[in-house]
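Submitted below is the structure of interest, expressed as structure tokens.
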Amino acid sequence: MNSNLIHLIEFIAFCSALMLIAFRPAWREWQFPSDCEPLPISPDYSIDIDYFATSFYSKVENFLTKESVSGNQQDFQFISASASKPDWSDITLPVIVMNSMYLKEVMHCQFPVFVNGDFHTIGADNLKSIYTQGKISLGPYSRIDDWAYARETIILGYESSAPRRLSSATCIYLEHGCHFERVNAPVISFGLRVQNYTVQSNALIESSFSELKGAVQQSSSLTLIRGDCEIPNDRVYRGSLIVTGRLIVGDRSRIIGDVKARKNIVVGVNALIGGALICEKNITLKEYVCVKGPIISEVLITIGAHSTVGIHELPTTVSAERIIVGPGVIAHGTVWARERGVTCPS
Amino acid sequence: MSLNSVSVGNYLSGKWRAGIGVIVVMLICEGIFALERALSNNIDLQHAAVSSMAIVLLAIVVLMIIYACRHMLFTINRLFGRQRHPYIDIDDAQWPQITVFIAAHNEEKVIAGCIEALINSNYPITRLKIVPVNDRSTDQTRSIIDRYVERYPDRITPFHRISGKAGKAAALKDALAFVEGDIVIIFDADYVPGCGLIKQLVAPFFDPEVGAVMGRVVPINVCSNLLTRMLDLERSGGYQVDQQARMNLKLVPQYGGTVGGVRLSAVEAVGGWHENVLAEDTDITYRLLFNGWKTIYTNRTECYEEVPEEWLIRIKQVKRWSKGHNQVLFRYWFQFLTSPYLSLAERIDGMLLLMVFVMPPLLLLGWILALALYFMNASYVVTNVIPIFALMAYGTLGNFAAFFEIVIAVLLDGNRRRLRLLPFILLGFFISLFSISSSLYSLVMDFIFKRELVWEKTVRYRKELSK
């Protein structure tokens, strides 16, 4: 036989053998499946802010009905509410406190805490997670590592941080310098208490988006503007708007509809957006702005002092990588900073 | 009834089709021999023919390399790029009135599961209208739907369709008369949406620029056989890497017709719902796109579906997708390329996506050309571009880039051992290659003979009957 042909056959055999090596584990996996379950669908904890709090409460709930509880009961450790200086270093299990607790010393607890009442500390505390049936009031420089839930108000003292989840059934108050990630409550108050403000009542001019440069009617209620767009002061527009460039909304102007811009958005003082405010870059709201719908940015949202987001009856969502909130801002619903949120002193 | 579950019918009988096929093959062979005879007597002509063939081959190779680079880019983006999920965080909002369509034709095995899941959704009850679109079912589908209507009269409005043009697109078009609100979410009857799924699908519509939204489809019958396991790998690659990377890079995520929704005012603004198309989802995606609307893909909005368990069904499915996709390509490529609303990146990606079902026949043609050039002793032409051919062989002929994409997708999904099945994907690749090539031929024949569209039911595999 020709030697070239032999070499060719050898080469083909070698290549085939190399290819077959990959088929051996494939064959085994086919014949004896070891990983053939359907992919698990994302669990609820990613969308439900109270997921961990609810799960924890469902475990605690059984113990609340017991007549006398003290010491360790396998899953939980009980601490007396009357102890104003409990020894937290001894804690090795999740904690249940059966009544309100007012601490006079710094607290460090690396286990979830349940308080069947109010919980009050003086500051510089470090908690893993906490669920209370009443209020939570943490002093300055405190930190909640995982989550906190309160049936009533949550107050975080200045320079505190809650890097994961914070939710309340009524109200959350974050003093200046607080860092947060995901906050949810019917009312969320940032920084200073809200001050009275007299709304300027300039006459507003009813206008149409079609008057703006580069406007194209996309549908009956939607206008697209190619390039940058600047909306003058004291105007009212009805309908939704898409801007392919940068958008500046003038002071005191109102847009009764949804607004989207692909570049930055700046909303002037005392302006109002009646729907959603969506941007692929930064959103800056100046002082006393009101936005009723969701505010979504892919980078940074800066909310100016005394602005309002959402309304009490219809809570909404503020979401961005980073969120900077000025003093006196009120949000209704969820504020979610995927990287970091901070309350500014001024 | 599933995605693209319409096929061209009114076929000539099997014997006729086989006869025409044999005649075509004979003509091609005869043509090649005639060409060879002519060329052997004319050196200049031979040189010109060989050069032309080499140029075509080179063009195919370049296209294949572009696709390989695209796969690589997407995979690397999923690994190291910034991931975009801009609307997933919207939890509290004034949720709009929506209508959910459940497309159903003889779905007695599965329809109850879908309705039940939608009833349990956390979307505000007063703003959610469920419309089962019962398209001429002959089994128990109607009575099952009616039982649910009795239980939830305020929430479910049935549409029992008994006449009209066949097909999902036509049925959904008729069902538009029942719509409340501007947003329509569409499920096939075999889907079981999770509690929070509807909110996640509706959230992107707060962006006024969004015309359509697509969620992720996850095979549920993975463990049935080798085919379902391979399809599971393919789906992972397609959604986890391909679609999400397109979303990240602001390219062209595709609306898939189910586990997704559309904004009706947008669809109306671009010419309404077309029923004379094989792939109404691709048709809508592209019409929205070149008219200035966006499609959003939400990777974390997942819903289970059944995948084909039989090769014949799978081949039919691939052929239907291919035919529908190519139909959209031939209809809209010019409007797409000249649209003023698109960025250059969107234009390029959109065209590559549109051409995805043209590539297998081109690859086949490339192989034939390469063989022909070899037998015609054309090495003097081909040698100049051997490095490119080598790159092609490494990068695309074995579909390495697409394999890499699947590997990364499966790892992102958190699975490792199922990756061992990867070599079998080669089998699926060859089957798709020939199925798609034959569907392109069929599409041309459909065009020539002006064949009519007929609707085909997709087989369901779930065992239990709805209660």
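Where a number appears in this text, it was derived from the coordinates with a stated rule and is not lab data. These numbers were taken from a predicted model, which means no experiment stands behind them. For neighbour counting, all protein chains shown are included, and Cβ atoms are generated from backbone atoms with ideal geometry for every residue, glycine included.
Given a cut-off of 19 Å, name the pairs among A:K263/A:K286; A:K260/A:K286; A:K286/B:K199; A:K260/B:K294 whose C-alpha atoms lie farther apart than that in the structure shown.
Over 19 Å Cα-Cα: A:K286/B:K199.
In whole Å, what is the distance between the alpha-carbon centres of region B:144-189 and region A:254-298?
37 Å
Provide the packing ranking of B:151-158, B:97-104, i.e. peptides ordered by the mean count of other C-beta atoms within 10 Å per residue, highest first.
With the highest mean Cβ count within 10 Å placed first, the list reads B:97-104, B:151-158.
According to the square roots a ≥ b ≥ c of the eigenvalues of the Cα gyration tensor, what is the shape class of region A:205-343, taking rounded for a/c under 1.5, prolate for a/b larger than b/c otherwise, and oblate for the remainder?
Cα axes put region A:205-343 in the prolate bin.
Eight or more residues apart or on different chains, and alpha-carbon atoms under 22 Å: count the Lys pairs in region A:51-169 matching that.
Step by step, the pairs that qualify in region A:51-169 add up to 7.
May I ask for the net charge around B:L440, where only other residues with Cβ less than 13 Å from the Cβ of B:L440 are counted and Lys, Arg are +1 while Asp, Glu are -1?
Summing Lys/Arg as +1 and Asp/Glu as -1 gives +2.
Which far-off residues, 5 or more places away or on another chain, put their amide H under 5 Å from the one on A:V113, with H placed in the peptide plane?
A:V95, A:S129, A:I130, A:Y131
Averaged across B:79-91, how many Cβ atoms of other chains sit within 10 Å of each residue's Cβ atom?
5
Distance between Cα centroids, region A:163-183 to region B:401-439: provide it in whole Å.
Cα centres, region A:163-183 to region B:401-439: 45 Å.
Still on this structure, please answer the following. Where does each of B:208-215, B:409-416, A:125-132 land if you order them by average Cβ count within 10 Å, highest first?
B:208-215, A:125-132, B:409-416
Let me ask something additional. Would you calculate, for the protein assembly as shown, the mean residue ellipticity at 222 nm contributed by helices, counting each DSSP H stretch of 4 or more residues as -39,500 (n - 2.57) and dividing by all residues, to the nearest 500?
After summing the helix terms and dividing by residue count, I get -11000 deg cm²/dmol.
Specify whether the C-alpha gyration tensor of chain A places it in the rounded, prolate or oblate class, a ≥ b ≥ c being the square roots of the eigenvalues: rounded for a/c under 1.5, otherwise prolate if a/b is larger than b/c and oblate if not.
Verdict is oblate for chain A.
Now for a separate question. Below 8 Å between Cα atoms, with a sequence gap of 6+, how large is the relative contact order for region A:51-169 in percent?
It comes to 16 percent, rounded to a whole number.
Something else: What's the tally of Lys pairs in region B:43-196 whose alpha-carbon atoms lie under 21 angstrom apart, where the two lysines are 8 or more places apart or on different chains?
4
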